[in-house]
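Step one of this worksheet: look at the structure below.
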Amino acid sequence: GKLLTVIGGKDETKQLFFDDNIDHDDARIVDCRDDRGNIVPFEESMNKLCTKVNPVEALLDNEYFLRKLQLCHGDHLEMGASLVEFQRQLAELEDQKASFAQQVKTLAQQVQNLTEENRRMRLRRRIQLRD
């Protein structure tokens with residue numbers, strides 16, 4: 001099995017053990033123990049100290065573990081709001097980056113068109129001067 005030892009002490013520590021072998025009604029291979037080595041009952045540990053992970057969803061969703069963390073510790077998670085805000089800001093910046101990339105592409109095309117137009121005008125001018 002896999003040992004999950006709860007960190008004790010006067011300062012509360014947030015812990016969450018992610019595992020795909022945990023069942024919804026049985027911790028199976030996860031052996032959850034308190035700071036004195038006593039077994040923590042499944043009802044007290046499930047979605048508080050350990051939680052089931054779906055590997056396929058975790059691969060497909062970049063925010064999967066953040067969502068699981070919020071689900072298990074959301075009301076008690078001091079950093080939760082800032083993590084969510086960080087994710088929101090990151091998504092906004094990615095959107096801005098894509099927008100800027102499109103603007104750069106458009107501007108590059110405009111420069112290319114103007115350069116070609118300038119070349120054609122110079123060529124016409126040479127032809128007119130020779131006539």
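The values are calculated or read from the model by the stated rules, or taken from the named source; none is laboratory data. All values reported here derive from a predicted model rather than from experimental measurement. Cβ coordinates were reconstructed from backbone atoms using ideal geometry, including for glycine residues, and neighbour counts include every protein chain displayed. Each accessible area value is taken on the protein alone, full model and side chains, heavy atoms only, with ligands, DNA and RNA left out. Shrake-Rupley method; radii C 1.70, N 1.55, O 1.52, S 1.80 Å.
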Query raised in the report: Given a cut-off of under 8 Å on Cα pairs at least six residues apart, what relative contact order in percent is computed for the chain?
Result: 19
Requested in this report: State the extension gain, in nm to one decimal, for the chain segment bounded by Glu94 and Val56, taking 0.36 nm per residue of separation less the distance between their alpha-carbons.
Outcome: 11.2 nm
Report summary line: Heavy-atom accessible area with a 1.4 angstrom probe orders Asp35, Asp61, Asp25, most exposed first, as Asp25, Asp35, Asp61
Requested in this report: Return one quarter of the surface area of the convex hull spanned by the alpha-carbon atoms of the stretch 14-68, equal to its mean projected area, in nm².
Outcome: 4.0
Query raised in the report: What figure in square angstrom, to the nearest 10, would you give for the accessible area of Ile39 with a 1.4 Å probe?
Result: 120
Report task. Would you mind checking which residues have amide H under 5 Å from Arg33's amide H? H placed 1.01 Å from N; only 5 or more apart, or other chain. Result -> Leu4, Thr5, Val6, Val40
Query raised in the report: Accessible area, 1.4 Å probe, largest first: how do Phe42, Phe100, Phe18, Phe65 sort?
Result: Phe100, Phe65, Phe18, Phe42
Report summary line: With +1 at each Lys and Arg Cβ and -1 at each Asp and Glu Cβ, the charge dipole magnitude of the chain around its Cα centre, to the nearest 20 debye, comes out at 1800
Report summary line: re the chain: pairs of Cα atoms spaced beyond 25 Å account for a percent value of 54
Query raised in the report: For the stretch 98-112, what does the Karplus curve 6.51 cos²θ - 1.76 cosθ + 1.60, with θ = phi - 60°, yield as ³J(HN,Hα) per residue in whole Hz, taken in order and with x for Gly and Pro?
Result: 5, 5, 5, 4, 5, 5, 4, 4, 5, 5, 4, 5, 5, 4, 4
Query raised in the report: So for the chain, taking the charge dipole from beta-carbon charges (+1 Lys/Arg, -1 Asp/Glu), which of Leu71, Leu60, Phe17 sits furthest toward the positive end?
Result: Leu60
Query - Ranked order, Leu60, Leu16 - accessible area, probe 1.4 Å, largest first - result: Leu60, Leu16
Report summary line: With every protein chain in place, the accessible area of Lys52 for a 1.4 Å probe, in Å² rounded to the nearest 10, comes to 50
Requested in this report: Enumerate the amide H contacts of Glu63 below 5 Å, restricted to partners 5 or more residues apart or on another chain; note that Pro and chain-start residues carry no placed amide H.
Outcome: none
Query raised in the report: For Met121, what accessible area in Å² do you get when you roll a 1.4 Å probe over the heavy atoms of the protein chains, rounding to the nearest 10?
Result: 110
Query raised in the report: Under the Karplus relation 6.51 cos²θ - 1.76 cosθ + 1.60, θ = phi - 60°, what is the ordered set of whole-Hz ³J(HN,Hα) values for the stretch 21-27, x standing for Gly and Pro?
Result: 8, 6, 8, 5, 10, 7, 6
Query raised in the report: lysines near Lys2 by alpha-carbon distance under 26 Å, same-chain residues fewer than 8 away left out - which ones?
Result: Lys10, Lys14, Lys48, Lys52, Lys68
Report task. Quickly estimate the mean residue ellipticity at 222 nm for the chain, helices only: each DSSP H run with n ≥ 4 gives -39500 (n - 2.57), and the total goes over all residues, rounded to 500. Result -> -18500 deg cm²/dmol
Query raised in the report: Of all the accessible heavy-atom surface of the stretch 1-108, with the other protein chains kept in place and a 1.4 Å probe, what percent is carbon and sulfur?
Result: 55
